[in-house]
Each structure stands twice: as C-alpha cells, then as structure tokens.
Amino acid sequence: METITYERRKIYDGILRLIHAWNGIAILFMIITVLISGLFEHGPGEKTVWLIHIYGGYALVTGLVARLVWGFVGPAHARFSDMWHPKNWWQALRSFNLRSMPRFGHDTLASAAYLTIYAVLLMMAATGLSLAAVEHSIGPLAPWLADSIWLKDLFKEPHEFGYNVIIAFVVIHIAALIWHEWKDRTPTAQSMVSGYQYRIQPTEEKHHD
C-alpha cells in the first residue's frame, strides 16, 4: 500500500480567508437574486428583487475594496505579487502545457484567472453602481447619473457579459478544486478554510542489493 507524506504550511491569513468567504457569499447571493428576478419579471415584486440585488452589490463592492487593500498591504501570500507570474504564463502558452509546478501559495497558472476575475468583478461593480443610479436613482453615482435612462444599454451589456464570465469562472473553479483533490491526491479546497496548504513530499526510492 502506497504511503503519501505531506508537507503542511500555514499560507493564508485569517483576514484573507474572511474576505474570500465574504466575496464568495456575496457573489452567490448576487447570482441567486438574478435567477429569482426571472420569476418576478414585469411583476409587482421585480423592483424589490432588484433593490435587494443592489444592496448585495454594495456588500460585494465592500469586499472587493477590502481585497484590493489587503492585496497590497497584507502578508506575502495575500498580496497580488504572489499571483503575478507572467513568465510562467508565457511558457505555458508556448508549450501548451497547462500544468503548474507545485508551490506554496497561489497556483502560478490559475493566478492569471484569479487576476482576470478580479478585473471583471471591478468592471461589474462599476457598471452595477451605474445601473443602480440610472434605473433606480440610488447609490453613490445617483447625483450624476440618476434618471439618465439613455445610458442604460452602455452599462447593461458589459454588466451582463461580466455576469456570464463569473458564472463560467465559478463552475470551472469548483471543477478545478475537485480535480486537484482527486488527481493530485492533495487536500486543496480546505486551504481557504484552515489557511494550511499541503504538498506531497517526494519519496526516496530504496534500492536493495
């Protein structure tokens, strides 16, 4: 029977894990409210659902701001520099090899997706706040955009595109975690709960005379 030995290190700090959970719950809440809105389309409850969606957006914006700040002032593995690996990305593209070398911290190739999704979320925040002002005359942008209904399509189309990107990312992200748990035999998903990462230690082969 094969014995696997792991090296364990505390990588992710408590604040990062809290922000990650906050943003994950906020994104899930936003997706649910969008799905529910279809049940009330053109009905008396539609506006209420969208107002709830907007307030959920405020929570997500708060989490994004916290992540941005922590990405610059937090511990080493919380910083965006831990996700910046352009050399690895270029080599992966040239060789069509999407398998990363095991390391503690953010996966070198998956980090490209993480940074991209943060950019998409920031775009979603900007267009969402704009739509809240244009369509509902509420939010921090209301003094400038309230009732400018002619701007609706300008913000709505990128907002809906970003929504589809986020849905795809969530599905791929969960699938990738399951894949790593099964294929690499390494407890991956728990790292944002416990803060610990595990890496398989290489075993020395024993030769008998």
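Give LEU93, LEU122 a once-over and let me know the one that is in contact (Cβ under 8 Å) with a residue 12 or more places away in the chain and assigned to a helix (DSSP H, G or I).
Going through LEU93, LEU122 in turn, just one is in contact (Cβ under 8 Å) with a residue 12 or more places away in the chain and assigned to a helix (DSSP H, G or I): LEU122.
Somewhere in region 134-141, is a residue in contact with a Gly (Cβ under 9 Å, 6 or more places away or on another chain) and not aromatic (Phe, Trp, Tyr)?
yes
If I filter region 59-75 for residues that are farther than 27 Å from SER194 by Cα and either of a type in the set (Gly, Ala, Ser) or part of a helix (DSSP H, G or I) (or both), do I get at least one hit?
No: zero hits.
Among the residues that make up region 60-72, is at least one of them under 19 Å from PHE169 (Cα atoms), free of Cβ contacts under 8 Å to residues at least 24 places away in the same chain and surrounded by fewer than 19 Cβ atoms within 10 Å (Cβ to Cβ)?
Scanning region 60-72, I find no residue that is under 19 Å from PHE169 (Cα atoms), free of Cβ contacts under 8 Å to residues at least 24 places away in the same chain and surrounded by fewer than 19 Cβ atoms within 10 Å (Cβ to Cβ), so the answer is no.
Just the residues that are charged (D, E, K, R), modelled with pLDDT under 95 and closer than 23 Å to ILE166 by Cα, please, taken from region 5-45.
Passing the criteria: only GLU41.
Restricting attention to region 29-46, report how many residues are assigned to a helix (DSSP H, G or I) and either free of Cβ contacts under 8 Å to residues at least 12 places away in the same chain or touching a helix residue (DSSP H, G or I) at 6+ places or on another chain (Cβ under 6 Å) (or both).
Number satisfying all stated conditions: 11.
Restricting to region 161-191, what's the tally of residues that are within 24 Å of ILE27 (Cα to Cα), assigned to a helix (DSSP H, G or I) and modelled with pLDDT under 90?
Result for region 161-191: 6.
Condition first: of a type outside the set (Gly, Ala, Ser) and surrounded by 15 or more Cβ atoms within 10 Å (Cβ to Cβ). Now tell me which residues in region 153-172 satisfy that.
PHE155, LYS156, PRO158, HIS159, TYR163, VAL165, ILE166, PHE169, VAL170
Which numbered condition in (1) buried (at least 17 other Cβ atoms within 10 Å of the Cβ); (2) of a type outside the set (Phe, Trp, Tyr); (3) under 22 Å from THR188 (Cα atoms); (4) over 22 Å from the mean Cα position of the chain (by Cα) is the only one that SER37 fails?
(3)
Restricting to region 8-27, give me the number of residues that are in contact (Cβ under 8 Å) with a residue 24 or more places away in the chain, surrounded by fewer than 16 Cβ atoms within 10 Å (Cβ to Cβ) and in a helix (DSSP H, G or I).
Counting residues in region 8-27 that are in contact (Cβ under 8 Å) with a residue 24 or more places away in the chain, surrounded by fewer than 16 Cβ atoms within 10 Å (Cβ to Cβ) and in a helix (DSSP H, G or I) gives 3.
Restricting attention to region 46-70, which residues are among the basic types (Lys, Arg) and at pLDDT 95 or above?
ARG67
The values are calculated or read from the model by the stated rules, or taken from the named source; none is laboratory data. Not measured: the values here are computed from a predicted model. Neighbour counts are summed over all protein chains in view; Cβ atoms, including those assigned to glycine, are modelled from backbone coordinates with ideal geometry.
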